[in-house]
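Only one structure is covered here, and it is reproduced in the block below.
The values are calculated or read from the model by the stated rules, or taken from the named source; none is laboratory data. No experiment lies behind these values; they were computed from the predicted model shown. Neighbour counts run over all protein chains shown; Cβ positions are idealised from the backbone, glycine included.
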Amino acid sequence: MSNAVKVLRYQLRDIVRNRWMLAYGLVLLALTEGLFRLGGDGGRVILSLLNVVLILVPLVALTFGTLYLYNAREFIELLLTQPVGRGAMFAGLWGGLALPLCLILLGGIGLPFLLHVAASPIPTRSLVVLLGTGCLLTAAFTAIAFLIALRFEDRARGFGSALVVWLICAVVYDGMVLLVVTTFRDYPLETPLLTLILLNPLDLGRVLLLLDFDVAALMGYTGAVFKRFLGTSLGIGVGLAALSAWTIVPLWFGLRRFRRRDF
Amino acid sequence: MSPWLLVALWSLQAPAGTSRTLHVSPGGPLPTLTAALEAAAAGDTIVVRSGVYQEPEIVVRKRVTILGEGAPVLRGGDHQILRIVADSVTLRGLVFRDVSPSAVDDRAAIRVEGARGCRIEDNTVVNSYFGIYLAKAAGCAILGNRITGPATTESLTGNAIHSWSSEDLVIEGNVLRGHRDGLYFEFTTDTKVRDNVSTANLRYGIHFMFSHGCSYTGNRFIANRAGSAVMYSRGVVMEGNRFLESRGASIYGLLGKDLVDSRITGNLFASNTGGLYLEGVIRVEVRGNEFMSNGWGAVVMADAEGTRFERNRFQENSFDVSTNGANATTRFAENYWDRYPGYDLDGDGYGDVPFAPVRLFAFIVQQHDPALILQRSFFVSLLDAAERVAPILTPRMMEDARPSMAWPAPGIGQ
């Protein structure tokens, strides 16, 4: 275990010096601050940040995650000559990426909110949901990125696959949901729809956050069904489990590949 | 006019010198309002001093003025408190309390039955089944009353002000809350409803049917559970009202159904799930209203005939306008749309390219309600972007040929 921590600490130091990470943090910071400057109150800033978090976070996690693992190839080979277990190594690598990404997200979005807390009321619950969703998405999509990078030897193919995964989660999936809704309009769709939404981490994050806002009121009967389900502790548990599963399952598969991989 | 008729008319008036003032007070010579009404003659004034009065139903059969002094409380129970059957009765400054609900009759704190010219002013009604109930009344004024219901359930509360088969009323400056409907009109004509506040009622803020030629101005309808509904009426004028915070599935700030030749002007619809809903309306003019921060700004069904939306302001609504069919005949002109992406090269204050306010996604949602779950998703943003790139995707059933670049639109005084 201490090996994992050692790897993680090294990674942290390495990644903090990375220019792209800095850029990512600055973009988040500038965006959030900009939204405040444009005259938004806390609630509206969060609502505007919603799509940023849902689009940018997975994209960054996926591209950065795959590139990172490809670039770490030599480092991994070097470390594997040392007495370091593969499990510890994998945990260190993943933690060393997901953790700083989460911290940057928390800082980049959280800081402007802290600065403006006196000027406008902050809907704390929504902010927690936003940041929590962002962190869970970071964890999930870095894990998926690792799985992809380990699956494809070729860097271009790996990078391409990462983009395809992002495209599916962010766009294609919702198109499919719309298709389901229009095709099966004569049937009660609330439960199937709920299942579909639970299956996509991006949709789940969006719905969780939207239900916290006034816009939920206009989501009609379906919205009411969602709110009733996700408002209960069972619903919250299921939602969290679904989001966490997106981290755990790819990690587990990734680890299996990592163990068998012949570097 | 013959002199005899003049004499006859004069003798009908109570001689001014003989009009008396009677005092009701607990423990006084007239301990109840009922006793005072027995003793009074037409034209008298009855002053009710402060105290709590528990009497059987009080019936006002004479033309009297009843004034409360120090907010006297008239208590009800299992019956109505006060029933007015005589013309020209004035009721001012009394407190009415506790009329229990009934499944059999519509008990009210104050009932006006077949009377003309009554004036009910500055009273307080608390925890009553119905508040003020007007049946076949005419020429009555209901002014500045505060009516607060028990806010239990829809079936256990009546309406704050209920008017049935009446005409020529003035209802002004009342505050109505916690009842089933704040204002309820059925078969009521030529009535003016001004500057009332109707809020937190269990069903509609205002609800009227078959009530022609009525006008509603300067009222506020806030956070009523089912918004407001106006139906099956002709010649309705709604002006300068505020419809706020009506939220929930198929709940609208103002629901208009089968209205004919009516005007909806200068109102504010804000923070509602749906701002304005029009179905089966004929020749309705919607002008100079503001639709702000609603889920849907305006929903106009395709069966609306000759409806015009002019010089309205649509800002920060999730969907500005929605409809359910392709053959909509509703006309839009000179409205301000915050989503309008066009330009104004000739600088006349109006955009040079038409604006189609019904978004593709809004149209889809109108037909498939569950699709709303995709609201604010990246996919829907892409749909919007696709509409901009390929305008053929935008449903063209409604179009503002001359969208205003600013609000208020240039050239009007408001």
### Task
For region B:308-319, state whether one or more residues are away from chain A (no Cβ under 14 Å), within 21 Å of B:Pro403 (Cα to Cα) and touching a helix residue (DSSP H, G or I) at 6+ places or on another chain (Cβ under 8 Å).
no
### Summary
Among residues of region B:255-283 being crowded, with 24+ Cβ neighbours inside 10 Å and β-branched (Val, Ile, Thr), the residue farthest from B:Gly325 (Cα to Cα) is B:Ile264
### Task
Please verify whether region A:203-214 includes one or more residues that are among the aromatic types (Phe, Trp, Tyr), within 24 Å of A:Val57 (Cα to Cα) and within 14 Å of chain B (Cβ to nearest Cβ).
yes
### Message
Please go through (1) out of contact with any helix residue (DSSP H, G or I) (no Cβ under 8 Å at 6 or more places or on another chain); (2) free of Cβ contacts under 8 Å to residues at least 40 places away in the same chain; (3) farther than 22 Å from B:Ala406 by Cβ for B:Asp346 and return the number of the only condition it doesn't satisfy.
### Response
(3)
### Task
Find all pairs meeting these conditions: Cβ atoms under 7 angstrom apart; at least six residues apart or on different chains; first residue within region B:364-386 and within 7 Å of another protein chain (Cβ to nearest Cβ) and touching a residue at least 24 places away in the same chain (Cβ under 8 Å); second residue of a type in the set (A, V, I, L, M, F, W, C) and surrounded by fewer than 21 Cβ atoms within 10 Å (Cβ to Cβ).
B:Gln375/A:Val215
## Note on the structure
The number of residues in region B:34-66 that are of a type in the set (Gly, Ala, Ser) and either in contact with a helix residue (DSSP H, G or I) (Cβ under 8 Å, 6 or more places away or on another chain) or more than 18 Å from B:Val95 (Cα to Cα) (or both) is 6
### Query
Which numbered condition trips up B:Asp384, out of (1) assigned to a helix (DSSP H, G or I); (2) in contact with a Lys or Arg (Cβ under 8 Å, 6 or more places away or on another chain); (3) surrounded by 17 or more Cβ atoms within 10 Å (Cβ to Cβ)?
(3)
### Message
Looking at B:Arg111, B:Arg107, B:Arg97, B:Arg83 in this structure, which one is in contact (Cβ under 8 Å) with a residue 24 or more places away in the chain, assigned by TED's automatic domain parsing to the domain that holds B:Ile132, in contact with a His (Cβ under 7 Å, 6 or more places away or on another chain) and not hydrophobic (A, V, I, L, M, F, W, C)?
### Response
B:Arg107
